[in-house]
Amino acid sequence: MKTMMKIMKKQIFDNLKDISQEEKELLERAFLFAENAHHRQERKSQEPYINHPLRVALLLSKMKLGANTIIAGLLHDILEDADIPLEEIKSNFNDEVAFLVQALTKINKIKYKKGETDMEKENFRNMILAMTKDIRVILIKLSDRLDNMKTIWALDEEKQKKKAMETLEIFAPLAYRLGLTDIGAQLEDYSFPYAYPEEYKLTRKIVGKRREELENYLKKLVPLVEKRLNIVNLSPLKIKFRAKHLYSIWRKLQKEEMDIKRVYDLVAMRLIFSKVEECYAALGIIHEIYKPMPGRFKDYIALPKPNGYRSLHTAVFAEEGRIVEIQIRTKEMDEEAEWGIASSWLYDSMKNSKSYKKRKSFIPPKRFYWLNQLQEWQKKFYNSRNFLEYLKVDFFKDRIFVLTPKGEIVDLPDGATPVDFAYQIHTEVGNQAASAKINGKLTPLDSVLKSGDMVEIIVQKNKMPSSKWLEFVKMAEVRKKIQEVVKKQKEKTKKGK
Ligand code: MN
């Protein structure tokens with residue numbers, strides 16, 4: 001057990017080449033702290049609990065995130081599972097680590113109910129984004145979930161299904177949105193057998209030996225391609241084979257009438273070069289040797305995908321007339337596709353955090369479409385002095401997401417009050433609202449709600465809305481409803497006189 005810790009510690013430090021002495025000491029303290037906190041605790045998989053935070057931290061170190069994020073990864077379960085108060089994290093480490101750990105504990109409290117509509121799923125994903133307000137929190141959460149999925153076999157059947165569905169519907173899409181395609185694919189493949197066992201079995205049966213056979217065929221193709229590239233002095237840094245992951249094969253099969261022969265990218269040949277020019281030159285050569293398949297060429301270098309993904313994709317008729325998918329990209333693009341543009345962007349901004357202060361603003365390269373969009377939403381953060389502040393991502397600065405006591409999500413404008421909430425539930429609930437509980441505590445009706453609040457409205461029969469509500473309600477439609485009732489009331493009393 002101790003040796004496991006040693007090995008993983010070394011791997012983590014190896015991934016963090018340029019950290020300061022101070023950060024190194026803080027990390028050492030975090031290893032000890034986490035080990036003590038989880039002392040004698042076991043996972044459902046019957047291994048020492050500490051192995052889990054260690055693996056999460058290792059994954060985060062591969063994403064090249066700073067020391068504080070990795071420390072938060074080591075400590076991410078101690079508020080909930082080891083009963084250590086937040087104050088102790090603050091005093092032993094720093095506010096940033098405490099913030100990250102607390103934010104993670106908060107999103108763990110959101111309960112996901114399956115069988116929701118696409119709209120509700122999207123709301124749920126948005127709520128997670130809105131609540132975290134910092135990309136790093138999501139990166140830690142995704143690493144945590146990925147590691148949990150690796151030991152999902154240890155859970156009971158009902159929990160397996162629930163976790164697998166949640167991972168497929170919420171967390172894998174979040175990973176893709178952040179450009180973490182490799183993590184997204186892994187999350188999907190660990191979930192697939194538990195979420196859709198029948199479909200999983202069928203897909204495996206259909207794929208059968210085909211994938212292996214295709215890979216062997218591609219291996220024979222490599223020297224032929226390399227030879228032609230060498231003639232014009234092009235030599236790839238690396239040639240890889242990328243097997244399409246099972247869950248995405250399943251999705252593709254559904255589109256292709258379950259015909260595996262039409263899934264051309266079952267295994268793709270991937271050529272890695274150092275320069276962009278070489279990628280285009282290599283593409284030209286390949287199209288010269290093998291006829292391209294019409295409609296299959298995609299230039300994601302000139303036109304990156306919204307999550308920042310860049311590569312050239314083509315499908316060609318190769319030896320024996322077989323269709324082969326070829327992907328060409330630079331080393332940098334390849335690494336980004338694996339670890340995500342969000343993390344590489346964060347890493348760069350952290351590295352340059354000192355010089356950053358001198359600059360007016362940090363502008364992510366144009367191709368980071370998704371991040372550019374984020375930046376639009378949160379320009380204000382980019383002018384702030386505090387480093388943590390500008391890492392904060394206010395994804396939905398005009399919206400908040402609160403919960404009903406049943407865990408349903410209600411989407412409201414920023415500044416909304418329990419009265420706005422009540423009218424969103426039902427007009428009668430609004431009209432008869434007497435008081436409100438926020439997170440179980442009795443709270444005035446004019447309080448301002450925050451994302452993640454659980455709101456309960458206490459109604460009283462025959463109660464009428466007060467004209468005072470008009471002073472604080474946020475939503476125009478709610479104001480209109482209140483005005484109508486108040487007006488009717490006045491007319492009634494007039495008549496009564
Ligand atoms: Mn965990």
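The values are calculated or read from the model by the stated rules, or taken from the named source; none is laboratory data. Just so it is clear, the structure is predicted and the values come from calculations on it, not from any experiment. As a convention, Cβ positions derive from the backbone with ideal geometry for all residues, glycine included, and neighbour counts pool all protein chains shown. Heavy atoms of the whole protein, side chains included, go into the accessibility calculation; ligands, DNA and RNA do not. Shrake-Rupley method; radii C 1.70, N 1.55, O 1.52, S 1.80 Å.
Condition check ((1) within 16 Å of the ligand (Cβ to nearest atom); (2) within 19 Å of ILE84 (Cα to Cα)) across all residues:
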| residue | (1), (2) |
| --- | --- |
| LEU16 | no, no |
| ILE19 | no, no |
| GLU23 | no, no |
| LEU26 | no, yes |
| HIS38 | yes, yes |
| PRO48 | yes, yes |
Handout entry: Residue in region 79-94 that is under 16 Å from LYS141 (Cα atoms), at pLDDT 90 or above, open to solvent by less than 40 Å² (accessible area, probe 1.4 Å) and within 24 Å of the chain's Cα centre (by Cα) present
Key = no
Practice task
Taking the residues in region 131-164 that are β-branched (Val, Ile, Thr) and either assigned by TED's automatic domain parsing to the domain that holds TYR247 or within 16 Å of the ligand (Cβ to nearest atom) (or both) as candidates, determine which candidate is most open to solvent (accessible area, probe 1.4 Å).
Solution key: THR151
Exercise for the section: Among what's in region 271-305 and is assigned to a helix (DSSP H, G or I) and among the β-branched types (Val, Ile, Thr), pick the residue that is surrounded by the most Cβ atoms within 10 Å (Cβ to Cβ). Expected result: ILE286
Problem - Yes/no for THR167 being within 16 Å of the ligand (Cβ to nearest atom), modelled with pLDDT under 65 and open to solvent by less than 10 Å² (accessible area, probe 1.4 Å) - result: no
Fill in the blank from the handout: Per the filter on region 228-270, residues within 17 Å of LEU283 (Cβ to Cβ), in a helix (DSSP H, G or I) and out of contact with any strand residue (DSSP E or B) (no Cβ under 9 Å at 6 or more places or on another chain) are ARG228, ASN230, ILE231
Completion exercise
Note: among LYS481, LYS490, LYS437, LYS463, just one is basic (Lys, Arg) and open to solvent by 80 Å² or more (accessible area, probe 1.4 Å), namely LYS490
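Would you point out the residue of region 39-60, among those that are closer than 20 Å to LYS10 by Cβ and out of contact with any helix residue (DSSP H, G or I) (no Cβ under 7 Å at 6 or more places or on another chain), that is surrounded by the fewest Cβ atoms within 10 Å (Cβ to Cβ)? Steps first, answer last, please.
First pass over region 39-60, keeping only residues closer than 20 Å to LYS10 by Cβ: 47-48, 50-60.
Now restrict to residues that are out of contact with any helix residue (DSSP H, G or I) (no Cβ under 7 Å at 6 or more places or on another chain): 47-48.
Working: GLU47: 14, PRO48: 18.
Step by step, filter region 39-60, then rank; the result is GLU47.
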Practice task
Any residue in region 134-149 that's within 12 Å of ILE183 (Cα to Cα) and hydroxyl-bearing (Ser, Thr, Tyr): show its pairings with residues that are assigned to a helix (DSSP H, G or I) and within 13 Å of the ligand (Cβ to nearest atom) at Cβ separation under 6 Å, as long as the two are six or more apart or on different chains.
Solution key: SER143/VAL56; SER143/LEU59; SER143/LEU60
Practice task
Output the qualifying pairs, or none if there are none: Cβ atoms under 9 angstrom, residues six or more apart or on different chains, first residue in region 45-60 and more than 11 Å from ILE140 (Cα to Cα), second residue open to solvent by 20 Å² or more (accessible area, probe 1.4 Å) and within 11 Å of the ligand (Cβ to nearest atom).
Solution key: SER45/THR151; GLU47/THR151; TYR49/ARG43; TYR49/ASP81; ASN51/ARG43; HIS52/ARG43; HIS52/ASN148; HIS52/THR151
Exercise for the section: Go over the candidates LYS492, LYS437, LYS481 one by one and state the one that is without any contact (Cβ under 8 Å) to a residue 24 or more places away in the chain and part of a helix (DSSP H, G or I). Expected result: LYS492
